[in-house]
1. Considering only segment 72-99, state which residues are out of contact with any Leu (no Cβ under 7 Å at 6 or more places or on another chain) and more than 21 Å from LEU29 (Cα to Cα).
2. Looking at VAL44, VAL78, can you tell me which residue is touching a residue at least 24 places away in the same chain (Cβ under 8 Å) and under 24 Å from GLN138 (Cα atoms)?
3. Kindly indicate which of ARG96, ARG74 is under 20 Å from VAL36 (Cα atoms) and not polar (S, T, N, Q).
4. Hey, can you tell me all the residues within segment 202-221 that are free of Cβ contacts under 8 Å to residues at least 60 places away in the same chain and within 20 Å of VAL79 (Cα to Cα)?
5. So ARG110 fits all but one of (1) in contact with a Ser or Thr (Cβ under 7 Å, 6 or more places away or on another chain); (2) touching a residue at least 40 places away in the same chain (Cβ under 8 Å); (3) under 15 Å from GLY89 (Cβ atoms); what number is the exception?
6. Considering only segment 137-165, state which residues are exposed (fewer than 15 other Cβ atoms within 10 Å of the Cβ), more than 23 Å from VAL204 (Cβ to Cβ) and in contact with a strand residue (DSSP E or B) (Cβ under 9 Å, 6 or more places away or on another chain).
7. Can you pull out every residue in segment 92-115 that is buried (at least 19 other Cβ atoms within 10 Å of the Cβ), of a type in the set (Asp, Glu) and out of contact with any helix residue (DSSP H, G or I) (no Cβ under 6 Å at 6 or more places or on another chain)?
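The values are calculated or read from the model by the stated rules, or taken from the named source; none is laboratory data. None of the values given here were measured: they were computed from a predicted structure. A quick note on method: Cβ atoms are made from the backbone with ideal geometry, for glycine too, and the neighbour counts reach across all protein chains shown.
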Amino acid sequence: MSDAVTPDPGAPSVPPAPEAARSVFGAGLADAERYVARLATDGVTRGLIGPREVPRLWERHVLNSAAVADAVPRDARVVDVGSGAGLPGIPLALARPDLRLTLVEPMARRVEFLEEVVAELGAPWRVVRGRAEERSVQSAVGPVDVVTARAVAALPRLVSWCRGLLRPGAQLVALVGSRAVAELPSLVPELEAAGMRDVHARAVGAELGDAATTVVVMTRGPR
């Protein structure tokens, strides 16, 4: 397992941190820069990030993910499901070191990447291989306050997958696109039938300009 990023002379250059990253990550900015460098190099060569995404890694992926912090309570136990390259979980935890993060991902090559990032940053985060709906994963993860996800599945399917992780009172915070936000009112009855309450869209990261986004937040009701 490699702990160092080996630059590829043919790869796109690593984009510098924008000014907004300094206020978002504070003392964690250097770690955020190392993570972006890893995404721009290993992330591309391993097929986790498209080469065309490299110039906009900060705004479209890292700051966009960190914006989720607006919707996550302090000291929460957070599980990022279908974490892939670590989005939104890693930027979220870098912006909010008070959070206790677990990254859940079923694909071996992505798990290996996540484990390397955690080791390189010396972070206390856990990486669990598997799917959110598997009992073994639920047992390994333990109690959860917040489940996060980014472009993993349509909301009803995401809820069905994550239900076993969500104790009553726990929240699901999903980073979604504009289409999902537009469809949300029609989905509320189905989501409520699945046991979710207080389903709503919330704008986050307003101070981040183009990196601002919208999340869908919902709370697991009584069983």
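1. PRO73, ARG77, VAL81, GLY82
2. VAL78
3. ARG96
4. Of all residues in segment 202-221, those free of Cβ contacts under 8 Å to residues at least 60 places away in the same chain come to 203, 206, 214, 218-221.
Residues satisfying the conditions are THR214, MET218, THR219, ARG220, GLY221.
5. Going through (1) in contact with a Ser or Thr (Cβ under 7 Å, 6 or more places away or on another chain); (2) touching a residue at least 40 places away in the same chain (Cβ under 8 Å); (3) under 15 Å from GLY89 (Cβ atoms) one by one, ARG110 breaks only (1).
6. Within segment 137-165, ALA140, GLY142, PRO143 meet the criteria.
7. Result: no residue meets the conditions.
One line per residue, one yes/no per condition, for (1) at pLDDT 95 or above; (2) surrounded by fewer than 21 Cβ atoms within 10 Å (Cβ to Cβ); (3) not in a loop (DSSP other than H, G, I, E, B):
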site	(1), (2), (3)
PRO7	no, yes, no
ARG38	yes, no, yes
ILE49	no, no, no
ARG52	no, yes, yes
VAL78	yes, no, yes
ILE90	yes, no, yes
